[in-house]
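Chemist: One structure, as structure tokens, below. Some questions next.
Here, each number is a calculation from the coordinates, and none is a lab measurement. All figures in this text were calculated on a predicted structure; none of them were measured in a lab. Using ideal geometry, Cβ is built from the backbone for each residue, glycine included, and neighbour counts are taken over all protein chains shown.
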Amino acid sequence: MNRPLLFALSVVIAAAAAHAEAPKDKKKGAPDKAVDAFFDEPATPKKSSLDALQDATKGVAASEKKGLQAKDAVVDDDARITIHGAFAAEKIVIDKKLGCQPQRGLTKLSYFAFDEVPAEGVPMAVCITLSSAAGREMAMTISIVDPRKSRVAKAESVVDFRGRGTKVDHIVDFAAPFFKIAGPYQYVVEMDGKEIARLPLFDVRVE
């Protein structure tokens with residue numbers, strides 16, 4: 001083979017090699033489509049029904065989300081009542097600053113302990129704290145019920161929401177209740193004939 005032909009083949013081979021290595025000579029920062037495709041973020045997944053609901057309710061006023069909000073007791077259209085709590089004690093007094101408090105030297109009755117049941121408790125008082133903008137008197141029926149929902153004590157009274165502050169402390173005295181079974185006892189509150197609350201009051205224990 002003569003020299004001119006050998007030189008020509010060398011030029012062709014060099015050109016082919018340069019063409020094959022061309023991607024390595026790209027300018028810095030130039031995107032490589034194959035690499036970019038490998039690191040692309042995955043497509044955004046479809047939102048679940050819960051996410052869709054949360055997005056749909058963003059910015060909606062709380063008053064428009066009534067089905068999702070905790071509600072106060074409602075006796076009728078004009079009487080919304082908030083129950084702040086209740087407790088029992090042998091004697092209860094009202095402190096001007098603290099509201100209902102057990103009489104000095106006494107404590108709240110969180111439980112009764114007996115050797116066996118049925119057993120008789122002690123005379124007691126129960127204070128319930130409520131608030132309402134009803135602006136009128138309301139008839140109240142309160143009961144103490146056992147774990148089987150049987151009534152062991154009952155009283156009727158009237159709560160006056162006229163000209164009061166934001167809260168009303170209402171005390172009811174009960175004769176000694178008779179406990180047939182052990183377990184948690186509740187305070188059931190009815191206003192104008194409608195039940196508005198069942199509150200934990202104390203436990204009866206057999207020890």
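Chemist: Please go through the range 153-196 and pick out each residue that is closer than 30 Å to P118 by Cβ and among the polar types (S, T, N, Q).
Modeler: Correct list: S157, Q186.
Chemist: Output the residues belonging to the range 144-186 that are of a type in the set (A, V, I, L, M, F, W, C), under 19 Å from Y111 (Cβ atoms) and assigned to a strand (DSSP E or B).
Modeler: Residues satisfying the conditions are I144, V145, V152, A153, F174, F178, F179.
Chemist: Restricting attention to the range 142-160, and to residues there that are closer than 22 Å to G99 by Cα and over 28 Å from the mean Cα position of the chain (by Cα), which single residue is surrounded by the fewest Cβ atoms within 10 Å (Cβ to Cβ)?
Modeler: V158
Chemist: With (1) in contact with a Gly (Cβ under 9 Å, 6 or more places away or on another chain); (2) in a loop (DSSP other than H, G, I, E, B) as the list, and F112 as the residue in question, which single condition is left unmet?
Modeler: (2)
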